[in-house]
Amino acid sequence: MVNLNIGQKIQRYRNQRGLSLRGLAEKTGITASMISQIENNSVNPSINTLKTLAETLDFPLYVLFQEENDPEQELIVRKGEYRSIGNRNSEVAYNLLTADTRGSIEFVLMEIPPQTFTADKEHPHTGEETSYVEYGDVDIWLNGEKFRLHAGDAVRIPAGTLHRWFNPGDEMVRVIFAVTPPSF
């Protein structure tokens, strides 16, 4: 059975906008009693009523008809449950730290083995990237120029910038990066 929780969604948007039932009623022309019944899922409002509420509360109407998912599955990634993604080089591990790539940002843990490049040559991606070196020393090429980064260093890689990584050391390097929009 699909659980849409239309009333709960409307109440959430109303509360986010700081509106009381009476305040929303004044803005929409829908009685406070009716809005309360809608929020408690005790009535089935018309599409026109839902459209008025959505327009007044400034959210797209379709949101009301999307199935509610378990927030833990949608939002939380537990240690050790990372999804492996996009191995351009079979030795380099890329683990998605966000639950999925449906949002506006992608968060990834990259592990580079000793003496390993992440790619044969520098490559760009469409999104902007920010990377943080969690562990180790690593070389990064940005548009043909080499830089050495150490644990605790960070770098911003603008969209379209040619880049690749190299671990010059004897231990695994760990780099956490975010890309927006997701494009890895």
In whole Å, what are the extents of region 74-180 along the principal axes defined by its C-alpha atoms, from largest to smallest? 38, 29, 26
What is the set of long-range amide H partners of Asn41 at a cut-off below 5 Å, with H atoms built 1.01 Å from backbone N? Gly7
Enumerate the aspartates and glutamates that Lys51 could reach by cross-link, defined here as Cα to Cα under 17 Å, with residues fewer than 8 away along the same chain left out. Glu26, Glu39
Acute angle (nearest 10 degrees) that the helix 6-16 long axis makes with the longest principal axis of the chain, alpha-carbon atoms: 70 degrees
Degrees between helix 47-57 axis and first principal axis of the chain (Cα, 0 to 90, nearest 10): 60 degrees
With θ set to phi - 60° and the Karplus curve 6.51 cos²θ - 1.76 cosθ + 1.60, what are the ³J(HN,Hα) couplings of region 99-106 in order, to the nearest whole Hz, using x for Gly and Pro? 4, 6, 10, 7, x, 9, 9, 10
Rg (Å, one decimal) plus Dmax (Å, integer) for the alpha carbons of the chain? 23.6, 70
Using θ = phi - 60° and the Karplus relation 6.51 cos²θ - 1.76 cosθ + 1.60, list the HN-Hα couplings for region 153-167 in order, rounded to whole Hz, with x at every Gly or Pro. 7, 9, 9, 9, 10, x, 3, x, 6, 5, 7, 7, 10, 8, 9
³J(HN,Hα) across region 26-36 via Karplus (A = 6.51, B = -1.76, C = 1.60, θ = phi - 60°), whole Hz, x for Gly/Pro? 5, 6, 9, x, 9, 5, 4, 5, 5, 4, 4
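What number comes out for accessible area per residue over the chain if the probe is 1.4 Å? Units Å², please. Display every interim value, and only then the final one.
Details: 10800 Å² over 184 residues.
Per residue, the chain has 59 Å² of solvent-accessible surface.
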Carbon and sulfur together cover what percent of the accessible area of the chain at a 1.4 Å probe radius? 48 percent
What does the C-alpha gyration tensor say about the overall shape of region 6-65? Classify as rounded when a/c is under 1.5, otherwise prolate if a/b is larger than b/c, or oblate. rounded
What does the charge count around Ala159 come to, taking other residues whose C-beta lies under 12 Å from its C-beta (Lys +1, Arg +1, Asp -1, Glu -1)? -1
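The values are calculated or read from the model by the stated rules, or taken from the named source; none is laboratory data. Note that the coordinates shown come from a computational prediction; the quantities given were computed from them, not determined experimentally. FYI the Cβ positions are ideal-geometry reconstructions off the backbone, even for glycines, and counts take in every protein chain you see. With ligands, DNA and RNA removed, areas are computed over all heavy atoms of the protein, side chains included. Shrake-Rupley method; radii C 1.70, N 1.55, O 1.52, S 1.80 Å.
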